[in-house]
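Right, one structure below, let's go through it.
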Amino acid sequence: MFGLSNPQRFMRFTGPLTPVLWTAAAVLLAVGTWLSFTVPADYQQGDTVRIMFVHVPAASLGLGAYAALGVSSFFALVFRHALADAAARAAALPGAAFTALALFTGSLWGQPMWGTWWVWDARLTSVLVLFLFYLGYMALRASIDDEQKGARAAAVLGLVGLINLPIVKFSVDWWNTLHQPASFLTPGASGLDPVYLPPFLTMLAAYGVLFAALWLTAIRTEIRRRRVLTLRARKALEA
Amino acid sequence: MSRPVDAEPRPPGLRGATRVLLERELDLAWSGGGGPLLACGFFACLTAVLPLAAGGDPRTLSPVAGGIAWLALALASLLSLERLFERDLEDGALDLLAIGHLPLESVVLIKALAQWIAVGLPLALTAPVAALALGLPVSLAPLAALSALIGGAGFALTGALGAALALGAKRGGLLIAVVVLPLFIPPVVFGAGALERAASGQSPAPALAFLTAYVLFAGVIAAFAGAAAVRNAQG
Amino acid sequence: MIHALSLSDLTVSRGGRRLFTGLDLRLQAGEAVALTGANGAGKTSLLRTVAGLLRPDAGEIAFHDGDGNRLDDHLARGREVHFLGHQDGLKTGRTARRELGFQCDWLGHTQTGFDHAVEAFGLEPLLDLEVRRLSAGQRRRLAMGRLVGSPRALWLLDEPMAPLDARWRAVFADQMRRHLEADGLILAAVHDPLPIPARTLDLGGLA
Amino acid sequence: MLDLDMAPYAAFVWPAWGVSALVLAALTVRAVIASRKWKRELERLEKDQSATSDAAVSLRPQAAQSAIGPLK
């Protein structure tokens with residue numbers, strides 16, 4: 001990871017990699033979608049099982065993106081890498097979008113099953129809380145004018161959020177046992193009929209590669225943006 | 001020529017410096033007459049508005065009485081968090097605090113302690129009264145006070161961290177709420193959970209244990225992350 | 001006890017803008033240095049960097065004691081450095097007595113520190129007033145009280161005498177002279193020259 | 001076989017997939033547009049920055065000289 005900390009080397013390394021990621025994401029998404037709609041409907045859930053192929057990947061990538069954000073924040077704070085801060089900043093929006101998608105598709109999935117648009121079960125509530133963490137991070141970064149100070153404050157919050165996530169997850173699960181002894185629908189992949197594995201795994205891979213492509217592109221853009229700002233400042237100085 | 005001996009500065013020692021800063025923080029928190037009245041007043045307003053909004057029927061209120069008391073406690077703890085660091089940054093006092101005998105980490109903890117005493121303590125005394133008004137069984141009142149006291153420490157510590165993070169931001173108060181409330185979820189869950197378990201006859205001990213664990217955890221995080229946030233805003 | 005301050009190859013920037021680079025300075029006990037330069041040249045930032053409030057991009061700040069070995073930065077700054085910035089750091093809602101008391105207690109004072117400060121800057125009539133009611137000059141004298149109340153070797157002053165009138169400037173000049181005689185060090189950002197013998201370090205108008 | 005007539009649950013599956021596709025597309029478009037915009041801007045600046053530095057002597061921001069003045 002340290003080798004990449006130098007922006008020039010990072011740009012050279014990710015230059016050819018990014019288009020590859022984009023094409024791989026497109027292919028995986030196409031294949032995943034095709035598989036998702038050719039697999040037979042579930043005898044119990046009917047066609048709603050197809051919603052899971054977009055719901056669970058979105059939730060997983062929402063969490064994965066926050067982990068990337070937290071780890072980048074750690075490097076930005078401890079090693080003061082401008083690149084690490086760019087990485088944290090770049091992961092925020094896609095992560096939040098994935099988490100929002102997970103909430104939306106989750107409620108769409110829940111409606112036919114439980115008859116209500118939202119159920120306070122442990123998993124969905126945890127995704128909602130993750131979304132609140134993203135909101136807090138983005139609100140903090142947007143509220144501080146000084147870019148450098150805003151970046152460091154956001155890095156501290158990103159790291160604090162990462163450390164607090166398992167604690168909050170534990171408290172939500174503990175709360176869940178308190179209110180609903182058995183969560184009567186465990187949409188986890190574990191109870192999944194093996195015939196659904198191919199579409200599910202393909203879609204999960206597709207979301208993962210897509211996030212990687214989005215993330216890398218955003219970091220490269222951020223490096224270029226900062227380079228432009230420096231050049232503009234220098235030009236103003238010489239004018 | 002060297003300085004006369006009595007002119008050697010007598011370091012206040014850690015206890016001295018801690019006491020000195022705590023007294024100042026409490027004086028600032030309770031100055032302007034309001035003091036604990038403000039926090040309790042806010043709590044009373046919340047408790048009064050709820051039955052008006054949701055209907056006064058005890059059957060609907062009493063099962064949620066503990067939860068509402070804890071929600072009010074969390075929101076009331078957000079009050080006056082902005083005062084904790086923002087004022088000191090504006091009038092330059094934060095620079096003075098940074099070059100004292102105590103490290104910034106201790107300063108953050110002492111400020112959180114002052115916040116707990118100034119806001120947490122009065123709230124912990126008001127919580128049972130409010131909960132009873134909402135229909136909480138009388139037998140639960142002492143537990144409500146105890147859990148509110150412990151939880152209040154968690155709110156003060158995590159709140160102090162939020163206040164430090166929001167330094168230099170425009171709408172500080174609102175930002176602190178958005179940053180801090182997700183981190184308030186564990187204490188609210190464990191605190192209200194303790195009341196719920198007690199109400200259903202089970203022992204609240206595990207919930208209180210988790211609550212205390214959260215407070216200790218929040219203390220460590222608030223000290224280091226808070227000091228880093230203050231240095232960032234100051235530098 | 002700080003006996004010498006040395007800055008080597010110091011580079012400081014603020015808000016993404018490079019202020020100065022490659023700055024060297026050696027300050028011995030009993031010496032004063034006046035920082036000059038246009039607004040925005042980085043005088044305040046240099047003082048804040050020495051006080052540890054601002055992190056330098058590069059370079060080294062070292063505090064040495066009497067026989068030359070290096071002191072731990074945190075300990076030196078926590079016990080031996082005074083920083084008097086543009087803002088006085090006073091709480092307007094509290095009385096002058098409490099504020100001066102806090103400043104001296106917080107920074108570590110001698111038994112007679114408080115009275116010494118009150119007598120040095122004529123603060124007696126102001127003590128029972130709330131800081132809100134004091135004028136800028138009175139507030140600055142109150143803030144200066146901590147320099148005398150809590151003896152510390154290195155004074156970092158940012159345009160200290162701006163709000164003072166002629167009479168109190170002379171008093172403060174006298175306090176600075178006594179501080180230097182007692183092996184103190186002074187690093188002050190000024191616009192008009194210091195009323196005491198001092199070397200000048202020009203930060204160069206980069207603005 | 002492609003099973004598109006999902007009768008009772010179509011009203012839930014299609015919006016789920018539809019919105020997902022929309023959001024992913026929006027994220028992609030936004031990322032690509034921003035990337036292209038700053039790439040062009042950087043190339044433009046670097047082109048005329050190299051132009052100016054060949055022509056005029058590029059004025060390095062002058063470092064502060066730490067000249068110690070005479071003892072007053």
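Pull out a ≥ b ≥ c, the square roots of the eigenvalues of the alpha-carbon gyration tensor of region B:74-117, then state rounded if a/c is under 1.5, prolate if not and a/b is larger than b/c, and oblate in the remaining case. Before the final figure, lay out each step's value.
On the way: a/c = 3.62, a/b = 1.53, b/c = 2.37.
Oblate.
In region A:1-93, what trypsin sites (Lys or Arg not before Pro) fall in a loop by DSSP, with at most 14 other Cβ atoms inside 10 Å?
Details: sites: A:Arg9, A:Arg12, A:Arg50, A:Arg80, A:Arg89; in loops: A:Arg80.
Passing sites in region A:1-93 are A:Arg80.
Computing FRET efficiency as 1/(1 + (r/R0)^6) for D:Arg30 and C:Glu119, where r is the C-beta to C-beta distance and R0 is 60 Å, gives about 0.35. Extending 7 Å from the Cα toward the beta-carbon at both C:Ala166 and A:Asp42 defines two label points whose distance is 9.1 nm. Helix C:136-149 sits at what angle to the longest principal axis of chain C, using alpha carbons and giving 0 to 90 degrees rounded to 10? Relative to chain C, helix C:136-149 is tipped by roughly 80 degrees. Here's how it looks for C:Asp202: its modeled amide H is under 5 Å from those of C:Thr36, D:Ala67, D:Gly69, which are all 5 or more places away or on a different chain. Under the criterion of Cα pairs below 8 Å and six or more residues apart, the relative contact order for chain C equals 32 percent. Counts of other chain beta carbons within 10 angstrom of each beta carbon in peptide D:28-36 average 5. Given a Förster radius of 45 Å and the C-beta distance between C:Ala38 and A:Val27 as r, what FRET efficiency does 1/(1 + (r/R0)^6) yield to the nearest 0.05? The calculated FRET efficiency here is 0.15. In the Gaussian network model of chain A, springs joining C-alpha atoms below 10 Å, which of A:Leu17, A:Leu159, A:Leu216 carries the largest mean-square fluctuation? Greatest mean-square fluctuation among the candidates belongs to A:Leu17.
Listed from fewest to most Cβ neighbours within 10 Å, the set D:Ile33, B:Ile110 follows the order D:Ile33, B:Ile110.
Helices that extend 18 Å or more along their long axis by alpha-carbon positions and average at least 0.0 on the Kyte-Doolittle scale are, among the DSSP H runs of chain B, B:13-30, B:36-54, B:58-77, B:121-133, B:141-165, B:185-199, B:205-234.
Which links in C:Lys43/D:Lys47; A:Lys149/C:Lys43; A:Lys149/D:Lys39; C:Lys43/D:Lys39 stretch past 31 Å when you go from one Cα to the other?
The answer is C:Lys43/D:Lys47; C:Lys43/D:Lys39.
Averaging Cα coordinates gives a centre for region C:32-111 and one for region C:140-207; these two points are 12 Å apart. List the pair-distance distribution P(r) of region B:43-177, using every Cα-Cα distance, as the percent of pairs falling in each 5 Å bin from 0 up to the bin containing the longest distance, rounded to whole percents. With a bin width of 5 Å, the distribution comes to 2, 11, 19, 18, 15, 12, 9, 7, 4, 2, 1, 0. Per-residue Cβ neighbour counts within 10 Å put D:Ser35, A:Ser5 in the sequence A:Ser5, D:Ser35, beginning with the fewest.
Projected onto the charge dipole of region B:34-234 (+1 at Lys/Arg Cβ, -1 at Asp/Glu Cβ, origin at the Cα centre), which of B:Ala223, B:Ile117, B:Ala44 gives the Cα projection farthest towards the positive end? Final value for the positive-end residue is B:Ala44. Percent of C-alpha pairs per 20 Å bin in the protein assembly as shown, short distances first: 15, 39, 33, 13, 1.
Using the alpha carbons alone, the radius of gyration of chain B stands to its Kirkwood radius in an Rg to Rh ratio of 1.05.
For chain B, what does the relative contact order come out to in percent, with C-alpha contacts under 8 Å and a separation of six or more? Walk me through the numbers before you get to the answer.
Working: 293 pairs, mean separation 58.1, N = 235.
Worked out over chain B, it gives 25 percent.
At a 10 Å Cβ-Cβ cut-off, how would you order C:Cys104, B:Cys40, B:Cys45, fewest neighbours first? Walk me through the numbers on the way to the answer.
Numbers: C:Cys104 23, B:Cys40 19, B:Cys45 12.
If I rank by nearby Cβ atoms, fewest first, I get B:Cys45, B:Cys40, C:Cys104.
Please list the helices of chain A that count as membrane-span-like by this rule: a mean Kyte-Doolittle hydropathy of at least 1.0 together with Cα atoms stretching 15 Å or more along the helix axis, each helix being a complete DSSP H run. Those that clear 15 Å and a mean of 1.0 are A:49-78, A:122-143. Helical runs assigned H by DSSP (4 residues or longer) give chain C a calculated mean residue ellipticity at 222 nm of -10000 deg cm²/dmol, each run adding -39500 (n - 2.57) before division by the residue total.
Bear in mind these aren't lab numbers, they're just calculated from the coordinates by the rules spelled out. No experiment lies behind these values; they were computed from the predicted model shown. No Cβ is skipped: glycine too gets one built from the backbone with ideal geometry, and neighbour counts run over all protein chains shown.
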